[in-house]
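Written out below as structure tokens is the structure these notes cover.
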Amino acid sequence: MNTSNLIKEFKNIFQTNQSPRSFFAPGRINLIGEHTDYNGGHVFPASISFGTYALGRKRGDRTLRFYSKNFPEAGVIECELDNLAYDEKHDWANYPKGMLKIVKEAGYEFEEGLDLLFYGNIPNGAGLSSSASIELAAGVALEGLFDLNIARLEMVQFGQKVENSYIGVNSGIMDQFAIGMGKKDHAMLLNCQTLAYEYAPIVLEDHAIIIMNTNKQRTLTGSKYNERRQQCETALAELQIKLSISSLGDLTPEEFELNQSLISQDINRKRAKHAVYENARTLKALEKLRAGDLFSFGELMNESHLSLQQDYEVTGLELDTVVQAAWEQNGVIGARMTGAGFGGCAIAIVEKEQVEAFQQKVGDIYRRAIGYDADFYIASIHDGAKEIKIEEVLK
Ligand code: GLA
């Protein structure tokens, strides 16, 4: 598929001669700092070249029409500007609809309907944030088409609000932040408590970041995500009986060890332990990266995976198999799951010269153990969500 086809398709589907404007929101990987965002800790994500394209035009009436090339069987989904409530029948279109609703509720005015066509090349359910990507794609399209001038951080928070109060997933701010604020060849260290952030260049020279997709799909809503969050909140409440902290991110590992007996249930203690240690690891990882010590960075990635496996228990057979296989290969600096877990993707930092052998060998081990293929992609780190020129679509 090329650009002119996509425009033709837009015109066909929405029966218009008007050319649309084009927008793009990336997906994201997280280098380290997993399940720390909603615990008031740090994360270290980057936005990637896979993402969601949105083509849109204003219609002149009050009707909204959505179409996704990824879900052609759902057809054109239609609703009115005056009724943006969640509707199960609207399926995937609830994500852009939710974004429109939250932006409107925040006081931004747009009194005209839209035609919006989406096309995403992020593998579905792979833990690379296809949902946050579609939210932000809708957000920047809306902003562009109506000249709304939304502060970027506010837009990011709108996206999180869609997940939390519209879709019903209690996720943190990481995904929308990474996608809204991404910068080419940089990762972002974000303090999820204060939203203070800094960019760090990712210069890997003779190494590449490989994304390993287990092809084990997961959906956040149906998963144990909300349960993990709840367990951490229970642990925090018990710690707060003695400590004046506002999140687990306020604790150093030493303080945690001194006070962990305040947490009454073993399982909640393990969850909290991960959150505290992972936060410390994330800060240390940035230090190592800044010092050019990629090997120590890789070791911290490995420790992160083990903690997510043993204490947070969000990895599972597929992620453990692919990460274990990655650890065994030549030229591998580090590997870990990325995103929420329970399936989806892992990442590895691999010597460029070894990439081909790496994919072959890890692929073989995975197929033999799991019975189906894993997919591999080289991650390239791109800018965050924005309007693009029509020629850039699918370049
Ligand atoms: C999902 C959520 C994020 C974050 C990660 C785990 O991607 O959307 O907010 O909690 O899981 O780090």
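A few notes on this one:
- For the chain, share of DSSP beta bridges that run antiparallel, in % to the nearest 5: 90
- Scaling the Cα radius of gyration of the chain by the globular reference 2.2 N^0.38 Å produces a ratio of 0.99.
- Neighbourhood charge, 12 Å Cβ-Cβ cut-off, centred on Pro45 and excluding it, Lys, Arg +1 and Asp, Glu -1: -1
- Relative contact order, percent, the range 3-200 [alpha-carbon distance under 8 Å, six or more residues apart]: 27
- Burial ordering of Thr234, Thr194, fewest other beta-carbon atoms within 10 Å first: Thr194, Thr234
- Straight-distance crosslink candidates among lysines, where the alpha carbon sits under 19 Å from Lys184 and sequence neighbours closer than 8 are dropped: Lys386, Lys389, Lys395
- Full-stretch length increase - Asp266, Lys89 - with 0.36 nm per residue and alpha-carbon distance subtracted: 59.6 nm
- Each Cα pair under 8 Å and six or more residues apart adds its separation to the average, and for the chain the resulting relative contact order is 24 percent.
- Within a Gaussian network of the chain (alpha carbon springs, distance under 10 Å), most fluctuating of Ala200, Ala85, Ala291: Ala291
- C-alpha long axis of helix 94-105 to longest principal axis of the chain, angle in °: 80
- Length-normalised contact order of the range 112-203 in % [C-alpha pairs under 8 Å, at least 6 apart]: 20
- Dipole magnitude of the range 207-379 about its Cα centre (Cβ charges: Lys, Arg +1; Asp, Glu -1), debye to nearest 20: 320
- Cβ crowding within 10 Å, taken as a proxy for footprinting-reagent exposure, orders Phe376, Phe297, Phe71 from fewest neighbours to most as Phe71, Phe376, Phe297.
- 13 Å beta-carbon shell around Leu308, net charge (K/R +1, D/E -1): +1
- Spacing of the two label points (7 Å from each Cα toward its C-beta) at Ile378 and Glu353, in nm: 1.6
- As a calculated quantity, the FRET efficiency between Glu154 and Glu254 at R0 = 35 Å, using C-beta atoms, amounts to about 0.40.
- Unit charges at the beta carbon, dipole of the range 163-284: most positive-side option, Leu258, His186, Gly172: Gly172
- Over the range 3-200, the fraction of Cα-Cα pairs per 10 Å bin, rounded to whole percents and listed from the shortest bin up, is 9, 38, 36, 15, 2.
- Inter-centroid distance (Cα atoms) of the range 67-136 relative to the range 328-395, Å: 27
- Acute angle (nearest 10 degrees) that the helix 225-239 long axis makes with the longest principal axis of the chain, alpha-carbon atoms: 50
- R0 of 45 Å, Cβ-Cβ distance Leu317-Ile241: FRET efficiency to nearest 0.05: 0.75
- Taking the longest Cα principal axis of the chain as reference, the axis of helix 317-327 is set at about 70 degrees.
- For Val156, the shell of other residues with beta-carbons less than 15 Å away shows a net charge of -2, using +1 for Lys and Arg and -1 for Asp and Glu.
- Spatially close Lys pairs in the range 207-379, defined by Cα atoms under 18 Å apart and a spacing of eight or more places or different chains, total 6.
Readers should treat all values here as calculations from the given coordinates under stated rules, not as data from a laboratory. This is a predicted model, so every value here is computed, not measured. Glycine also receives a Cβ, built like all others from the backbone with ideal geometry; neighbour counts cover every protein chain displayed.
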